[in-house]
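See structure below.
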Amino acid sequence: MMEPNASERTAPGIVAWSDAAQDAMAGDLVTALAYGTPAGGCVVIPVSPTGLVDRDAGSIGVTTSLAFNGKLFHILRDSRVAMAYHTREHGFGKAGDFVLAQGVAAVPLSPSPDVLDTLAPRIEHFLGAMPRGRFWDWVLRDYLDNRIVIDIAVRRVVSWSDEQGRGERAVSGAVWPDSPEVQSAPANGTGPRVASGKLHGQVGKLPHQLVGYQGADGYPVVVPVRVTGHDERGLLLEAAPGLLPEGTRRAGLTAHSFGPQAVGLANRVCTGWLEVSGPEIVYAPHTSSGFAAPPVKSVQLFFNGMFAKRGWRAARRENTLAKLADLKEKHLADGPAR
């Protein structure tokens, strides 16, 4: 239930959410961002939003480097996104809720000096002080200076009082839609295309496990799951009753871990095919990618900086920003969300 009088302090048309949801949005160190794919699937990736939330404006945000621009193509094609605030680990929040915020994303394609100035103290608050000096200024220049903030106008906030999604669902904003229809099987079949046993070993080491799918109204839905095993059909999952819709559909799965200040990151991001029949949940992985960073901040930052340099050089060589600008212009002409 929405907290009493929440709507009284919120402007008309702005989604009002509970204090517990605000606690998670403002305090979580690592969250999960979800966006759709052209085939009707979903990708779920861990991100560090550094507490970007404006309750009065009904918006949240996430920062990214233009050097890592793959997700921007997807978001500019369909701006309906979701953010799952799924753990208070190493963050500043205290509430025990699992919070899902769905909304429409606006993607700037050039950094704003004013935004970067306001972002710097947020980054240091959540991720710790950045190293300084001639060497580190060079290493981190493309990683930090080519950074943008994706602003998300919230349309719906869904929360459960338990981080595993157990219990009653509370909805603020747009009415929760009916269950999505089942999807047709992909042309290449639904079975695993990635070795499920190996993937189970990789995912099983990572404590935070989530599945995302496209809801009936097109907004991604992200829920917590637990990988319990595998067989010839794929990974075997468990979830709280009612969290996942019955039937078959494309879905994304992510599992990740992190330490204080998001150091020592490890993740595994998958796309695949989800089948739900009562308590039986099977996920057939079709793609899998991920990485593990050593739990040493200087090493992690060094590689972040060098990967950003490589990504930024590739973006300039391939004229990526112009391609993104063309896609954004088409997106604005078609409407903010399909």
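Using protein chains only and a probe of 1.4 angstrom, how many square angstrom of D145 are accessible, to the nearest 10?
Rounded to the nearest 10, the figure is 80 Å².
For the chain, the longest stretch holding no GluC sites (Glu not before Pro) located in a DSSP loop with at most 15 other Cβ atoms within 10 Å is which?
1-167
Could you sort K330, K94, K71 by their accessible area in this structure, using a 1.4 Å probe and putting the largest first?
K94, K330, K71
Within the set K297/K323; K71/K297; K198/K330; K205/K297; K94/K205, which residue pairs have Cα atoms separated by over 30 Å?
Distance filter (> 30 Å) returns K297/K323; K198/K330.
Excluding G91 itself, what net charge comes from residues whose Cβ is under 14 Å from its Cβ, given Lys and Arg +1 and Asp and Glu -1?
Residues close to G91 contribute a combined charge of -2.
Could you rank the peptides 283-289, 201-207 by their average count of other C-beta atoms within 10 Å per residue, with the highest value first?
283-289, 201-207
Can you send over the carbon and sulfur percentage of the accessible area for the chain, probe radius 1.4 Å, protein chains only?
53 percent
Just how much of S298 is accessible, in Å², when a 1.4 Å probe is used and the result is rounded to the nearest 10?
Taking all protein chains as shown, S298 has close to 60 Å².
Return the ratio Rg/(2.2 N^0.38 Å) for the chain, where Rg is computed over Cα atoms only.
For the chain, the normalised Cα radius of gyration is 0.97.
Ranked from the most accessible area to the least, with a 1.4 Å probe and all protein chains present, what is the order of R141, R80?
If we order R141, R80 from most to least accessible, we get R141, R80.
Any chance you could run the full-extension gain for V299 through S277? It's 0.36 nm times the residue separation minus the Cα-Cα distance, nm to one decimal.
Net length gain for the segment: 3.5 nm.
Given a 1.4 angstrom probe, what's the average accessible area per residue across region 128-193, in square angstrom?
For region 128-193, the per-residue accessible area is 59 Å².
Can you give the relative contact order of the chain as a percent, counting alpha carbon pairs under 8 Å and 6+ residues apart?
The value is 20 percent.
Could you tell me which helices of the chain pass both thresholds, a Cα extent of 18 Å or more along their own axis and a mean Kyte-Doolittle hydropathy of at least -1.0, with helices taken as whole DSSP H runs?
Helices meeting the span and hydropathy rule in the chain are 113-127, 297-317, 320-334.
For the full complex of protein chains and a 1.4 angstrom probe, list T320, T228 by accessible area with the highest value first.
Solvent-accessible surface, decreasing: T228, T320.
From the helices alone, meaning DSSP H stretches of at least four residues, give me the mean residue ellipticity at 222 nm for the chain, per-run term -39500 (n - 2.57), in deg cm²/dmol to the nearest 500.
When only DSSP H runs of four or more count, the value is -8500 deg cm²/dmol.
Leaving out ligands and nucleic acids, and using a 1.4 Å probe, what accessible area per residue does region 266-321 come to in Å²?
With the other protein chains kept in place, region 266-321 gives 50 Å² per residue.
Quick one: net charge of A34's neighbours, Cβ under 13 Å, K/R +1, D/E -1?
Summing Lys and Arg as +1 and Asp and Glu as -1 gives +2.
Ignoring ligands and nucleic acids, what accessible area does W138 show with a 1.4 Å probe (Å², nearest 10)?
Near enough 110 Å² of accessible area.
Along Cα→Cβ, 7 Å out, is where each label goes; now give me the distance between the ones at E232 and T118 in nm to one decimal.
5.7 nm
The values are calculated or read from the model by the stated rules, or taken from the named source; none is laboratory data. The structure displayed is predicted, hence computed values, not measured ones. Note that each Cβ is placed from the backbone with ideal geometry, even for glycine, and that neighbours are counted across all protein chains shown. Calculation scope for accessible area: heavy atoms of the full protein, side chains included, ligands and nucleic acids excluded. Shrake-Rupley method; radii C 1.70, N 1.55, O 1.52, S 1.80 Å.
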